[in-house]
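Colleague: Have a look at this one before I ask anything.
The values are calculated or read from the model by the stated rules, or taken from the named source; none is laboratory data. Quick caveat: nothing in here was measured; it's all calculated off a predicted structure. Please note: Cβ atoms are built from the backbone with ideal geometry, for glycine as well, and neighbour counts cover all protein chains shown. The area values use the complete protein model at the heavy-atom level, side chains included, leaving out ligands, DNA and RNA. Shrake-Rupley method; radii C 1.70, N 1.55, O 1.52, S 1.80 Å.
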Amino acid sequence: MNTATAHVDMKGLGTAEPPAAPIRTTGFVAAPKRRQRPARRTPWLALPAVQRAVLPLLVAAVLLGLWQAWVVMADVPAYLVPAPTRIAATLVEDFALLTGALWTTLKITLLAFLASTVVGVAVAFLFVQSRWIETALFPYAVLLQVTPIVAIAPLIIIWVKDPTASLVICATLVALFPVIANTTLGLRSVNPGLAAYFQLNRATRWQTLVRLRIPSALPYFFAGLRISAGLALIGAVVAEFVAGTGGTGTGLAYQILQSGYQLAIPRMFAALFLISVTGVLLFVALALLTRAVLGGWHESEQGQA
């Protein structure tokens, strides 16, 4: 090829591109990426926590609606069965009177609950030290449970001059047995394998109590507290009925008695409503406390939303 021909070829073809590099294969082909479907959100009504809150409220709304409709359609007098709207209006009108009485009853309930917890735990620890002690003293704990508080409350009120202290003692006697029975059962309900392991490692009685018996007894203990809180409220109300104290500083039971004497039935129902709501709130508070303490490690509270 001469110089002219080479020059023409370069003009016609232009600048030649370098050859492409050979494609190297690695022996496999990557799979195509699949699009991830967005996670489906659980409907809020399907959540267990929402169901536990919404379903009881729906039932309460239906029952109150039926109650309201029956009172209006049957024209029932308010001094026999007041309508829910009338009870709500009474709560607003007598708010100061009823909340003051509620605080008195709540104070007695909380003091009795605290006293029953301290005494019940101490007695349960005493029982687990020896079968002889438990056999000798447990029947007397049962005796306190089966004795009607209305039978011994007048004696306690006579013996104890302070009205608040006498009411607290009466309510404590009602709320004491569940704490004793459940805590004793929990301290006794120890895994035999773990107990043998502690004995094998020559653990002291204190180490066995703190690291084995008390953690094993906590679910039973909190179950006893939930029962005891309701019984403390019942004991406080019953003690107020028996005491029959008047004047300032009286509880909801006195308001119920006075409302019955005056035929102020809406106020009586309002006081009953406050007692019921107080009992429910005490139970819910102790249930939340149980979940906070046991939720991280005990199977009875794990998996609950």
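Colleague: State the Cα centre-to-centre distance between segment 84-119 and segment 206-243 in whole Å.
Modeller: Using only Cα atoms, the two centres lie 21 Å from each other.
Colleague: Evaluate the distance, in nm, between pseudo-label points positioned 7 Å from the Cα of residue 280 and of residue 203 along their respective Cα→Cβ axes.
Modeller: So the label points at residue 280 and residue 203 sit 4.2 nm apart.
Colleague: Right, something else. Classify segment 174-247: rounded, prolate or oblate, from the alpha-carbon gyration tensor (a ≥ b ≥ c, eigenvalue square roots; a/c under 1.5 rounded; otherwise prolate if a/b is larger than b/c)?
Modeller: prolate
Colleague: For segment 104-159, just say rounded, prolate or oblate: build the C-alpha gyration tensor, square-root its eigenvalues into a ≥ b ≥ c, call rounded for a/c under 1.5, and beyond that prolate if a/b exceeds b/c, oblate if not.
Modeller: oblate
Colleague: How much area per residue is accessible in segment 181-260 when the probe is 1.4 Å and only protein heavy atoms are counted (Å²)?
Modeller: Using a 1.4 Å probe on heavy atoms only, each residue of segment 181-260 averages 49 Å².
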